[in-house]
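Reading through the structure tokens given below for one structure.
The values are calculated or read from the model by the stated rules, or taken from the named source; none is laboratory data. All values reported here derive from a predicted model rather than from experimental measurement. A quick note on method: Cβ atoms are made from the backbone with ideal geometry, for glycine too, and the neighbour counts reach across all protein chains shown.
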Amino acid sequence: MKLKRFLGYEKMNINLAFYLAAYLIGAIPFGLILAKTFANVDITKEGSKAIGATNVLRVLKQKDPALAKKLSIATLVLDALKGVSVLAAATLMGVSEETKWAIAVLAVLGHCFSPYLKFEGGKGVATGMGVLLYMLPIETLIALAAWFIAAKTLRISSLSSLIGVLTLLTASFIIHPDIPVIHTHAPIIIIAAIIFYKHIPNIVRLLKGEEKRVV
């Protein structure tokens, strides 16, 4: 009985450590760090003031187009890997599927509501797509294809991202009507809801026809 109790506490402590890691690593504002380090620009004070790859590209393009492209790609990749790195470590430690889904949600929450930025943050798209690519690869690849087509044709970053998120959510219900092990779409819906919430100003501008295109 004592051994079972000890193992239970051990498992709980491991889970809590991963939850904290997911939130704090997810919260790292790579776009801000890269732009400040390599271009001496604070992107939270320019452009859309967002910390994601799109604002890195938009702001730095005026100064150095080649550097802007490199840093925006680096931001996109690093933001996507934030949650994936914690999920990979958790998988190696043999944590449950339920714990991994909680890690995925917390990584997105960290990115969108970063304690390093007074609980402000990014839109959550790259981090969300990263964790969902790990957890639901087929659905996410379909969503990425939809995002790519929308980005190339519409050239509106926010709209393309939202189309990608909606595509992923829809695909998850079609391909996996019953999500393995957890038997609920709740984590995916939560991630989508967070991303849509962070895009409310963009949605308002879209409805008014004022959202800027990526050129």
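For residues in the stretch 91-141 being among the polar types (S, T, N, Q) and surrounded by fewer than 24 Cβ atoms within 10 Å (Cβ to Cβ), which is farthest from ASN13 (Cα to Cα)?
Here the residue is THR140.
At pLDDT below 95 and surrounded by 14 or more Cβ atoms within 10 Å (Cβ to Cβ): is that true of GLY83 in this structure? Steps first, please.
On the way: at pLDDT below 95: no; surrounded by 14 or more Cβ atoms within 10 Å (Cβ to Cβ): yes.
No.
Return the pairs, sorted by first residue and then second, in which the second residue is among the basic types (Lys, Arg), the first residue lies in the stretch 54-72 and is outside any loop (DSSP other than H, G, I, E, B), the beta carbons are less than 7 Å apart, and the residues are 6+ apart or on different chains.
Once the first residue is outside any loop (DSSP other than H, G, I, E, B) and sits in the stretch 54-72, its partners that are among the basic types (Lys, Arg) give LEU57/LYS69; ALA68/LYS61.
Every residue, every condition in (1) assigned to a helix (DSSP H, G or I); (2) over 16 Å from the mean Cα position of the chain (by Cα), yes or no:
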position	(1), (2)
GLY164	yes, no
LEU168	yes, no
SER172	yes, yes
PRO177	no, yes
ILE182	no, yes
ILE191	yes, no
TYR197	yes, no
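Based on what the data block shows, is SER48 of a type in the set (Gly, Ala, Ser) and modelled with pLDDT of 90 or more?
Taking the combined requirement at face value, the residue does not satisfy it.
Would you check if LEU78 is modelled with pLDDT of 95 or more, out of contact with any strand residue (DSSP E or B) (no Cβ under 7 Å at 6 or more places or on another chain) and over 20 Å from GLY128 (Cβ atoms)?
So LEU78 fails the test.
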